[in-house]
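Trainee: Shown below is the structure under consideration.
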Amino acid sequence: MSPWPLNVLLDRDGTVVEERHYLCDPKQVRLTPGAGPALAALARAGCRLFLVTNQSGLGRGCFSQDQYQAVQDRLAEMLRPFGAVFTATAMCPHAPDADCACRKPLPGLWEELRRCHGLLPEQTIMIGDKAADVLFAKACGLAAAVLVLTGHGRKAALDMGLPELHPEWLELPASPDRPDVLAKDLAAAGRWILSPA
Ligand SMILES: [Mg+2]
Ligand SMILES: [Zn+2]
């Protein structure tokens, strides 16, 4: 991928950490396979890493802001030994029926990051495990949308009628509502980003 430097927006649940229904217990935080080294490699290559996450469990009253923060702190602690740090996290706390402007796939969280960190869409890619992540990337005009097959990714790929993945990533034809790249997991997505153009 070029041009550098690249900003990498990452969905949290199902992408960076294993999917758990309304994850709110720091003891249940598990990184997806290879996530630590993958994020470290991207950071070493000069990428800035941002978390972009819908946390409707807050708006639905399933967990508290303190519980959310405890999970975030645990995630940062697990990534620290790898030398991977998120520059910032953009989070939507609203339930789907709240009609907010920041729940992915709406571009509110991107507007926030762009404003605060001077991001350019052509230097930014999004990695996530749901159609909402892909559509978010498209709505924001980002350079690429990567769908990983961890978390809800396999179901999302089936629902979108995407081809079988072989071997670990696949570039797809440009489309307004499908990912540009299909990747086995975050580690494979990272290797795609760092692969020679
Ligand atoms: Mg997700
Ligand atoms: Zn919101």
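Read-outs: derived from the displayed coordinates by stated rules, not from any lab. It should be emphasised that the depicted structure is a prediction, and the values quoted were computed from it without experimental measurement. Note: ideal-geometry Cβ built from the backbone for every residue, glycine included; neighbour counts use all protein chains shown.
Trainee: Please report, ordered by residue number, the strands (runs of 3 or more DSSP E) entirely within segment 1-120 with at least 2 residues that are touching a Lys or Arg at 6+ places or on another chain (Cβ under 6 Å) and surrounded by 14 or more Cβ atoms within 10 Å (Cβ to Cβ).
Mentor: On the way: elements: 7-10, 48-54, 88-92.
So the answer is 48-54.
Trainee: Still on this structure, please answer the following. Exactly one condition in (1) out of contact with any Asp or Glu (no Cβ under 9 Å at 6 or more places or on another chain); (2) within 16 Å of ligand 1 (Cβ to nearest atom); (3) not β-branched (Val, Ile, Thr) is not met by LEU23; state its number.
Mentor: The one condition LEU23 does not meet is (1).
Trainee: Scan segment 136-157 residue by residue and report those that are of a type in the set (A, V, I, L, M), surrounded by fewer than 20 Cβ atoms within 10 Å (Cβ to Cβ) and part of a helix (DSSP H, G or I).
Mentor: ALA139
Residue-by-condition table, conditions (1) away from ligand 2 (no atom under 12 Å from the Cβ); (2) touching a strand residue (DSSP E or B) at 6+ places or on another chain (Cβ under 6 Å); (3) within 17 Å of GLN55 (Cβ to Cβ); (4) of a type in the set (Phe, Trp, Tyr):
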site	(1), (2), (3), (4)
ALA84	yes, no, no, no
CYS102	no, yes, yes, no
GLY108	no, no, yes, no
VAL134	yes, yes, no, no
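Trainee: Just one of GLY61, GLY46, GLY36, GLY57 is without any contact (Cβ under 8 Å) to a residue 60 or more places away in the chain and either of a type in the set (S, T, N, Q) or within 13 Å of ligand 1 (Cβ to nearest atom) (or both); which is it? Working first, answer last.
Mentor: Values: GLY61 fails: either of a type in the set (S, T, N, Q) or within 13 Å of ligand 1 (Cβ to nearest atom) (or both); GLY46 fails: either of a type in the set (S, T, N, Q) or within 13 Å of ligand 1 (Cβ to nearest atom) (or both); GLY36 fails: either of a type in the set (S, T, N, Q) or within 13 Å of ligand 1 (Cβ to nearest atom) (or both).
None of the other options fit; the residue is GLY57.
Trainee: Same structure again: Considering only segment 112-129, I want to know if a residue exists there that is within 12 Å of ligand 2 (Cβ to nearest atom) and either charged (D, E, K, R) or closer than 21 Å to CYS47 by Cβ (or both). Break it down stepwise before answering.
Mentor: To start, the set of residues in segment 112-129 that are within 12 Å of ligand 2 (Cβ to nearest atom) comprises 112.
Among the residues that remain, those that are also either charged (D, E, K, R) or closer than 21 Å to CYS47 by Cβ (or both) are: 112.
There is at least one residue in segment 112-129 that is within 12 Å of ligand 2 (Cβ to nearest atom) and either charged (D, E, K, R) or closer than 21 Å to CYS47 by Cβ (or both).
Trainee: Just checking, how many residues over segment 132-188 are within 13 Å of ligand 1 (Cβ to nearest atom), among the β-branched types (Val, Ile, Thr) and either within 18 Å of GLU122 (Cβ to Cβ) or touching a Cys at 6+ places or on another chain (Cβ under 7 Å) (or both)?
Mentor: The total comes to 2.
Trainee: Would you say ASP73 is in contact (Cβ under 8 Å) with a residue 40 or more places away in the chain and more than 16 Å from ligand 2 (Cβ to nearest atom)?
Mentor: On the way: in contact (Cβ under 8 Å) with a residue 40 or more places away in the chain: yes; more than 16 Å from ligand 2 (Cβ to nearest atom): yes.
Criteria met by ASP73.
Trainee: In segment 82-89, is there at least one residue being touching a Pro at 6+ places or on another chain (Cβ under 9 Å), closer than 18 Å to ARG191 by Cβ and without any contact (Cβ under 8 Å) to a residue 60 or more places away in the chain? So that I can check it myself, show each step before the final result.
Mentor: Initially, segment 82-89 is screened for residues touching a Pro at 6+ places or on another chain (Cβ under 9 Å), giving 82, 84.
Checking which are closer than 18 Å to ARG191 by Cβ leaves us with 82, 84.
Going one step further and asking which of them are without any contact (Cβ under 8 Å) to a residue 60 or more places away in the chain, we end up with 82, 84.
There is at least one residue in segment 82-89 that is touching a Pro at 6+ places or on another chain (Cβ under 9 Å), closer than 18 Å to ARG191 by Cβ and without any contact (Cβ under 8 Å) to a residue 60 or more places away in the chain.
Trainee: Within segment 104-119, can one find any residue that is over 21 Å from VAL71 (Cα atoms), within 13 Å of ligand 1 (Cβ to nearest atom), touching a residue at least 60 places away in the same chain (Cβ under 8 Å) and under 13 Å from the mean Cα position of the chain (by Cα)?
Mentor: Within segment 104-119, none of the residues are over 21 Å from VAL71 (Cα atoms), within 13 Å of ligand 1 (Cβ to nearest atom), touching a residue at least 60 places away in the same chain (Cβ under 8 Å) and under 13 Å from the mean Cα position of the chain (by Cα).
Trainee: Scan segment 168-184 and tell me whether some residue there is over 27 Å from ALA101 (Cβ atoms), surrounded by 24 or more Cβ atoms within 10 Å (Cβ to Cβ), of a type outside the set (Lys, Arg) and free of Cβ contacts under 8 Å to residues at least 40 places away in the same chain.
Mentor: Yes: segment 168-184 contains one or more residues that are over 27 Å from ALA101 (Cβ atoms), surrounded by 24 or more Cβ atoms within 10 Å (Cβ to Cβ), of a type outside the set (Lys, Arg) and free of Cβ contacts under 8 Å to residues at least 40 places away in the same chain.
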